[in-house]
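Peer 1: The structure follows.
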Amino acid sequence: MDLSRFIALRIYRNSEPGKQVSRPAVLIAMIGIAIGLAVMIIAVSVIVGFKSEVREKVVGFGAHIQISNLDAVRSYETRPVVVGDSMLTALSAYPEVKHVQRYSTKPGMIKTSDAFQGIVLKGVGPEYDRAFFCRHLVEGDIPQFSDSASSNRVVISKSLAGKLKLKLGDKIDTYYIQEDVRARRLVIAGIYQTNFSEYDNLFLLTDLNMVNRLNKWEPDQVSGVELELRDYGTLEETTYRIAADTDERPDRNGAEYCVRNVEQLNPQIFAWLGILDVNIWVILILMIGVAGFTMVSGLLIIIIERTSMIGVLKSLGADNFTIRKVFLWFSVFLIGKGMLWGNVIGLAFYFVQHWFGLFKLDPETYYMDTVPVSFNIWLFLLLNAGTLLASVLMLLGPSYLITRISPATSIRYE
């Protein structure tokens, strides 16, 4: 073992009366490191979890990439594009694409005896991936939707059902305006709750065949196609690649395809999520500063307390670099113990919140009813390595105080 590390370890373990290092200084240093690291772990897990949860809900309602009619951009009153089996096969052939599904939308209105609400009826086919709505289903079930027949069954959100005083199995009257007013009586087959009010208060899920008949479209015409990717990291690259392949290739009716990803469709939401990255950096810098400040103050106290020992070591021939290493190693031991407790606190919060959801949120504001958390092993290791490295680097300057101590005067120092 290196001599400097050995001496530092002896100082760290020494507990004989009158010889131990200043307990307040040690405790303050370790508490600062522990609190700083714990706050960083909690902040990163919450912000990453929040971003992941919001993104998952936005993607759940509209997939990663949508291909629709260029003339119908940003409008729920969509114009059709032709999507046949050949196009579905071609889109599924992209290695980045995990799933392809058709959809059609029709804006309308629900009217009850004492209330009414604007809605968008979204029709999907038998290939529709129901996993997202199944995870958020609170009552009933998700029907097997069809593109060849209409079951008149719909899935509605809990918030919309509450506003209109509807329950599972109720029949609802819906109205749609095109050249004339058309009405459909639908039966509530399922009720979901995502707490994502922007979509919960808008979308009803039903058969693709029904929506196409309301729009008076041909069987192979739809509002668009939704593509689910295998890896979110390939979103931009895949979007532009598919766009390049479909540009200037109109369907048989002359309609041009428009390829947009979830970030382009929801710029406000993703700009908001991007701001959270700034919050993470602010928290990390502040907490590293707090941890470093407590370690610097603790090290200075310990150096002053051990002035006599420094004089003895210098008189025995130890150079300044060796003595600085002793105190830096001692600081590493303190940092390590503080980081241990910081990890325990941070991970305890994560597991308690993940399994029990003790901390609640207002779903109307935050799109979820509990504080979300996410654990990423690489971010966890990076936080620990960064905290250790930053803390040690911040101690290099104060350790130069040792070079100012003279052996002749320090041995007499008490």
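The values are calculated or read from the model by the stated rules, or taken from the named source; none is laboratory data. Only a predicted model underlies this, so the values are computations on that prediction, with no experimental measurement involved. Here the Cβ positions follow ideal geometry from the backbone for every residue, glycine too, while neighbour counts run over all protein chains shown. Just so you know, the surface numbers come from the protein's heavy atoms only, side chains and all, with ligands and any DNA or RNA stripped out. Shrake-Rupley method; radii C 1.70, N 1.55, O 1.52, S 1.80 Å.
Peer 1: On the basis of being farther than 18 Å from Ala255 by Cα, touching a Phe, Trp or Tyr at 6+ places or on another chain (Cβ under 9 Å) and among the basic types (Lys, Arg), does Lys98 make the cut? Walk me through how you get there before you give the answer.
Peer 2: Details: farther than 18 Å from Ala255 by Cα: yes; touching a Phe, Trp or Tyr at 6+ places or on another chain (Cβ under 9 Å): no; among the basic types (Lys, Arg): yes.
It is false that Lys98 is farther than 18 Å from Ala255 by Cα, touching a Phe, Trp or Tyr at 6+ places or on another chain (Cβ under 9 Å) and among the basic types (Lys, Arg).
Peer 1: If you don't mind, there's one more thing I want to ask. Six or more apart or on different chains, Cβ atoms under 7 Å: show the pairs whose first residue is in region 365-382 and under 13 Å from Lys51 (Cβ atoms) and whose second is of a type in the set (Phe, Trp, Tyr) and open to solvent by less than 90 Å² (accessible area, probe 1.4 Å).
Peer 2: Taking only residues 6 or more apart or on different chains, the pairs are Tyr367/Phe196; Pro372/Phe50; Val373/Tyr350.
So that you can scan it fast, the table gives a plain yes or no per residue for (1) within 24 Å of Arg102 (Cβ to Cβ); (2) more than 22 Å from the chain's Cα centre (by Cα); (3) of a type in the set (Lys, Arg):
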{"residue": "Asp180", "(1), (2), (3)": "no, yes, no"}
{"residue": "Ala183", "(1), (2), (3)": "no, yes, no"}
{"residue": "Val225", "(1), (2), (3)": "yes, yes, no"}
{"residue": "Glu228", "(1), (2), (3)": "yes, no, no"}
{"residue": "Tyr240", "(1), (2), (3)": "yes, yes, no"}
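Peer 1: List pairs: first residue in region 263-274 and closer than 19 Å to Glu228 by Cα and among the aromatic types (Phe, Trp, Tyr), second residue assigned to a helix (DSSP H, G or I) and open to solvent by less than 70 Å² (accessible area, probe 1.4 Å) anywhere in the structure, Cβ distance under 6 angstrom, at least six positions apart or on different chains.
Peer 2: Every condition considered, the pairs that remain are Phe270/Glu263.
Peer 1: I've got another one for you. Kindly indicate whether any position in region 188-211 is of a type in the set (Gly, Ala, Ser) and loosely packed, with under 14 Cβ neighbours inside 10 Å.
Peer 2: Step one: of region 188-211, the residues of a type in the set (Gly, Ala, Ser) are 189-190, 197.
Now restrict to residues that are loosely packed, with under 14 Cβ neighbours inside 10 Å: none.
Among the residues of region 188-211, not one is of a type in the set (Gly, Ala, Ser) and loosely packed, with under 14 Cβ neighbours inside 10 Å, which makes the answer no.
Peer 1: Sticking with this one: May I ask you to list pairs of residues, at least six apart or on different chains, whose Cβ atoms are under 7 Å apart, with the first in region 185-198 being without any contact (Cβ under 8 Å) to a residue 60 or more places away in the chain and among the basic types (Lys, Arg) and the second being surrounded by fewer than 20 Cβ atoms within 10 Å (Cβ to Cβ) and part of a strand (DSSP E or B)?
Peer 2: Arg185/Lys171; Arg185/Asp173
Peer 1: Additional query: Return the residue satisfying two criteria in turn: it lies in region 119-134 and is free of Cβ contacts under 8 Å to residues at least 60 places away in the same chain and not in a loop (DSSP other than H, G, I, E, B), and of such residues it is farthest from Lys167 (Cα to Cα).
Peer 2: The selected residue is Ala131.
Peer 1: Spot the failing condition for Pro95; the list is (1) open to solvent by 40 Å² or more (accessible area, probe 1.4 Å); (2) not in a loop (DSSP other than H, G, I, E, B), and only one is missed.
Peer 2: Unmet condition: (2).
Peer 1: Let me ask something additional. Taking the conditions exactly as written (over 24 Å from Asn261 (Cβ atoms), more than 32 Å from the chain's Cα centre (by Cα) and surrounded by 14 or more Cβ atoms within 10 Å (Cβ to Cβ)), does Ser159 satisfy them or not?
Peer 2: Judged against the criteria, Ser159 is not a match.
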